[in-house]
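See structure below.
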C-alpha cells in the first residue's frame, strides 16, 4: 500500500521521501491566479497560501527531486471552475505536463471532459471532491478516463470494500491522517482562507508557522471536559465549521422540557467545538485497508510543517513494516499502533478516529 | 414562470395549492429518507387528481442506497408519465442512463456546484470583481459540461438563490430552476441531529437514527456569518427571501418553492 504525502515547498520533498513517502501530491497557487481570483477561489481546493507551492518553477523542482528517487508527483487541480477560469486552468495543466507531473487530481466534470477532449497525456485521479460514494459513480469516472479515485472521508470500510470489489480495474486511495472534516468535501460550499483576505500577510505568517495546528493539537493534552467547551474564535481560527455559534432550537415538534432541551443543544454544540477540528487518525485500520485492496493511504495537510509531515510519514511506514513482518492479530496491531503513535507524537492518540467503526 | 413546490413528506401535501403546477417529492441529502413505495402511491394519486407534473428528487447514495432507490426509480418511471428525476449523484445518473435508459433528468443542487458559503458577503469589497463574479457562477455553464449534460438527457439544472447573486451569460443554454427560499450550504453523513438526543463518543461516525431530523431544526448564529444558518438533519441551510430581478436573463423559468426545509 502506497503512502501519499503532501508538500508545499521544494525543500521538504527530499525529507518526506527519506521518511518513506511513496508518492507526493501538491498544489500551486500561482501569482497570476492570485491576482485575478485571490486565495479564496483557489485553483486547488486549498485556499491557504501556506498550503501551496508558489510557482510552477517550484513544482518543477519538486518533480526533479521526486523523480530522481523514482517517486511520482501528482498536481491537484481539483477546484470547481467557471468558464472564465479555463484559459488559466489549461495553461496550468499544460505547464504541469511540461514539468513532468505524473497525474492530475481533478474534481470538476467539465475539466475532466476537457482533458479527455484535449487528449492530455497524464493520468487522471478523481479528487475526494468527486464524491464517489458508490460503485456506479466510480465506473462513471472510469469511463471518462480516470485511473484512480480518492474516496470521500465519509465512507465506512464495508462500503469501501464493496466499491473496490465492483471496480477491480481502478485504483483507490483513502484518507488516513489529519483534517477529518465533518462535512463532505465535495458537497461543502463554505469558504476557507477568509482570514487571509481580511488580515493579509499578517495571517499568512502564523499559518505558515502552523500556529493554528499547534493550538489545535495542544487541545489533545487538555482534560476532555474542558475541550468540549473550547470554541474556535478563542484562537482566531475561523473555519465556518468551527465557529462558536449561538445555537438555538427553532422548531421542536416534541415540546421538550428545559433540561432535555439544554442537553440536546449541548450535543449539537459538540459538533462545533475545537475538538472536532483536531487532527484525526485512521492508522488502526491500515490492516483492513490492505486486506480489501486499497492502493494508497493519503496524509492530509498540505499546509502542515515539514516536521509534522515527516512524523506522519514515519508513523505510517513503521506501522506498515510491522504489519508486513509480524502479521499481528487485531488486538496486537491496535496496541502497536497506539504505542507507535505515542512514541512519535509524544502523546496519546485520544481516540480521534477517522474510521471509528469497531474501535 | 413555472411554479413548483418541493416537499419531502406526504404530510406536507397540505402546502400544495392551485398556484403550483409541478410537485417535487423526495430529498437530496440522506438515503435514510428515501420515501417508501406507499408514499409514492399516495403522491401518484395526488398529482394525477390535481393534474400536476411530477419530479422525484433523489439523494447521493452508497451502494446500499442504490439498492433502496432502485424500486422507487422503477415505480416512478412506470407509473408517472413524463416524470423528471432530479439526480444528486453521478452513480444514479449512470444507473438511470444504462439500466433504465431514462432521459428526463435534472441535475440537482449537489451537482450544480454553486459557491453558496455566505461569508463571500464579508469579502465583497476586498477581492477583485472577477472573484465575486466567479462566486456568482456555476461550472454547469462551461460549454463542454453543458453539452455533455444535454447530450445525456439532462435538460435542466437546479440552482440555489445565492446571497451574492447569480450570474449566467446570455448564451447559457441550460434551463434552470431556482430553489426558494432555502439554499443548502453543507452536508455530512456524520449527522449531528441523529445524535442530538443521545450524544456521541466519536465525532466521525454515522449514528443510528430515529429520524430526529423530523423533530428538530436548529439555528446557528455568529458575528462572522452574515446570515443565520439552519441545521436540519445532516445539512445546513440559509434562507434568502429575495428573488433575483432578472430570472429571464438567467434562463430561470421555474421557481421551486420550499414551504419547509425539504429534508
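In region B:223-250, which residues have a backbone nitrogen under 12 Å from the label point lying 7 Å from residue B:209's Cα in the Cα-to-Cβ direction?
B:233-235
Give me a single rounded figure for B:110-116: the average over its residues of other chain Cβ atoms within 10 Å of their Cβ.
5
Short version: what are the Cα gyration tensor semi-axes of chain B, square root of 5 times each eigenvalue, largest first, in whole Å?
Output for chain B: semi-axes of 27, 25, 18 Å.
Write down the radius of gyration of region A:1-68 and its Dmax, each obtained from C-alpha positions, in Å.
Considering region A:1-68 through its Cα atoms, Rg and Dmax are 12.5, 40 Å.
What is region B:38-85 by shape, rounded, prolate or oblate, if you read a ≥ b ≥ c off the alpha carbon gyration tensor as root eigenvalues and call it rounded for a/c under 1.5, prolate for a/b larger than b/c, and oblate otherwise? Numbers along the way, then the final one.
Numbers: a/c = 2.49, a/b = 2.14, b/c = 1.16.
It is prolate, given that a/c is not under 1.5 and a/b is the larger ratio.
Can you give me the Cα centroid spacing of region A:29-97 and region B:166-191 in angstrom?
Value for the Cα centre distance between the two parts: 27 Å.
So what's the gap between the Cα centers of region A:136-169 and region B:222-253, to the nearest angstrom?
The two parts, judged by their Cα centres, are 32 Å apart.
Arrange the following residues from fewest to most other Cβ atoms within 10 Å of their Cβ: A:182, B:19, A:98.
B:19, A:98, A:182
Using a cut-off of under 16 Å, list every residue of region B:180-215 whose amide N is near the label point 7 Å from the Cα of residue A:357 along the Cα-to-beta-carbon line.
B:189-191, B:202-209
May I ask you to derive the FRET efficiency for residue A:199 and residue A:54 from their Cβ-Cβ distance with R0 = 22 Å, giving the value to the nearest 0.05?
0.70
If I model a spin label as a point 7 Å beyond the Cα along the Cα-Cβ vector, how far apart are those points for residue B:45 and residue A:97 in nm?
The modelled label-to-label distance comes out at 6.0 nm.
Where both residues lie in chain A, what percent of DSSP beta bridges are antiparallel, nearest 5?
DSSP beta bridges in chain A are roughly 5 percent antiparallel.
May I have the pair-distance distribution P(r) for the protein assembly as shown, computed from all Cα-Cα distances with 20 Å bins from 0 and rounded to whole percent?
20, 56, 23, 1
Can you give the extra length, in nm with one decimal, that the chain gains between residue A:120 and residue A:325 once fully stretched, where that is 0.36 nm per residue apart less the Cα-Cα distance?
Length difference between fully extended and current span is 69.7 nm.
Compute the FRET efficiency between residue A:147 and residue A:255 as 1/(1 + (r/R0)^6), taking r as their Cβ-Cβ distance and R0 = 45 Å, and round to the nearest 0.05. Write down the numbers at each step before the final one.
Numbers: r = 55 Å, r/R0 = 1.23.
Calculated transfer efficiency: 0.25.
Using the basic label-point model (7 angstrom from Cα toward the beta carbon), what is the residue B:150 to residue A:208 distance in nanometres?
Result for the modelled spin labels: 4.8 nm.
Readers should treat all values here as calculations from the given coordinates under stated rules, not as data from a laboratory. The model shown is predicted, which means the values in this text are computed figures rather than measured ones. Positions of Cβ are generated from backbone atoms using ideal geometry, with glycine treated the same way; all protein chains shown enter the neighbour counts.
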